[in-house]
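Following: one structure in structure tokens, then a few remarks.
All of the numbers you see were taken from the coordinates with simple rules; none came from a lab. Computed from a predicted structure; not experimentally measured. A quick note on method: Cβ atoms are made from the backbone with ideal geometry, for glycine too, and the neighbour counts reach across all protein chains shown.
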Amino acid sequence: MKISGAIFDMDGTLLDSTEMWRGAAGRYITSLRKTPEPDLGEKTKDMTLPELCSYLKSEYAIATTEEKIAKGFNTILREDYLADVDIKAYVPIILERFKQKGVAMCVATSTDKSIADEILARLGIRDYFSSIVTWKDAGCGKVDPEVFKYAQSVIGTPTEETIVLEDGLLAVKGAKEAGFYVIAVADDNEKENRAKIQKAADRFIESFEELL
């Protein structure tokens, strides 16, 4: 197929950061001297930030506003990103090849835009993307088909020429529902869903090396 546009997920796709992201809510709760649920990361992995903050406030009886919870969570998330996150293998090579071919690229992520912008810049790949799209921009959850449609409208490429690269099962399904060709990228934190992801996606890759 002709590819004129590409929408990349960030955590688990471009970056080896899914485990860190899933653990951030637990680390925030621990910082409040409370004990997080063992499966907190799994329960909240597909939530938007407002949904996450509402859940944490309710479940852990946090006596502050959801806005302050969001600020505290993002502070921990940013520290984690800057301390121990790296790009997945072959990502810079693929991005450079897409750039040379004139493919318009953007990032669609659940992470706060300012944090995503900072970490991608630190890792040297921010300039490959014309924009960073978040759930807040699209007005819906990251796994909602509308997020991918909004990202497509930002880069301005036809649906039939736009690919989505994702690692999560619900996001893969959302992108397919939106009508895109989806390349699923293997991530250790989605091992339990691998068979379902392979079935839902148009293509499944273990590594970006397979796209060379």
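What the table below lists for this structure:
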read-out: Among ARG27, ARG78, ARG122, residue whose mean-square fluctuation peaks in a GNM of the chain (springs only between Cα atoms under 10 Å); value: ARG122
read-out: Among ALA25, ALA171, ALA61: highest mean-square fluctuation, GNM of the chain, C-alpha pairs under 10 Å; value: ALA61
read-out: Two-site FRET efficiency, GLU177 against ASP137, from Cβ-Cβ distance with R₀ of 22 Å, rounded to 0.05; value: 0.70
read-out: Cα-based Rg of the range 109-212 normalised by 2.2 N^0.38 Å, two decimals; value: 1.06
read-out: Full-extension gain in nm, LYS199 to SER31, via 0.36 nm per residue minus C-alpha separation; value: 56.5 nm
read-out: Point-charge dipole on Cβ atoms (K/R +1, D/E -1) for the range 19-84, about Cα centre, debye to 20; value: 280 debye
read-out: Ranked packing of 192-198, 144-150, most packed first, by mean Cβ within 10 Å; value: 144-150, 192-198
read-out: Point-to-point label distance, ILE3-ASP86, nm (Cα→Cβ direction, 7 Å offset); value: 2.4 nm
read-out: Folded to 0 to 90 degrees: helix 145-155 orientation relative to the chain principal axis, Cα; value: 60 degrees
read-out: Protection proxy ranking of 80-86, 130-136 - average other beta-carbon atoms within 10 Å, highest first; value: 130-136, 80-86
read-out: Principal-axis tilt of helix 91-100 within the chain, Cα atoms, nearest 10 degrees; value: 40 degrees
read-out: Charge dipole magnitude, Cβ of K and R +1, D and E -1 - the chain, Cα centre, debye nearest 20; value: 280 debye
read-out: Selected from ALA24, ILE76, THR65, residue furthest toward positive end of dipole (the range 19-84; charges at beta carbon); value: THR65
read-out: Relative exposure of LEU120, LEU212, judged by other C-beta atoms within 10 Å (fewest first); value: LEU212, LEU120
read-out: Entries in LYS99/LYS173; LYS99/LYS191; LYS113/LYS199; LYS68/LYS113; LYS34/LYS71 that, when Cα-Cα distance is taken, lie over 22 Å; value: LYS99/LYS173; LYS99/LYS191; LYS113/LYS199
read-out: Between the range 157-203 and the range 127-141, the Cα center-to-center distance that results, in Å; value: 17 Å
read-out: The range 19-84, Rg to Rh (Cα coordinates; Rh as Kirkwood inverse mean 1/r); value: 0.92
read-out: DSSP-defined beta bridges in the chain - what % are antiparallel, rounded to 5; value: 5 percent
read-out: Cα gyration tensor shape for the range 86-133, rounded if a/c is under 1.5, else prolate or oblate; value: oblate
read-out: Overall Cα dimensions of the chain - principal axes, largest extent first, Å; value: 53, 34, 29
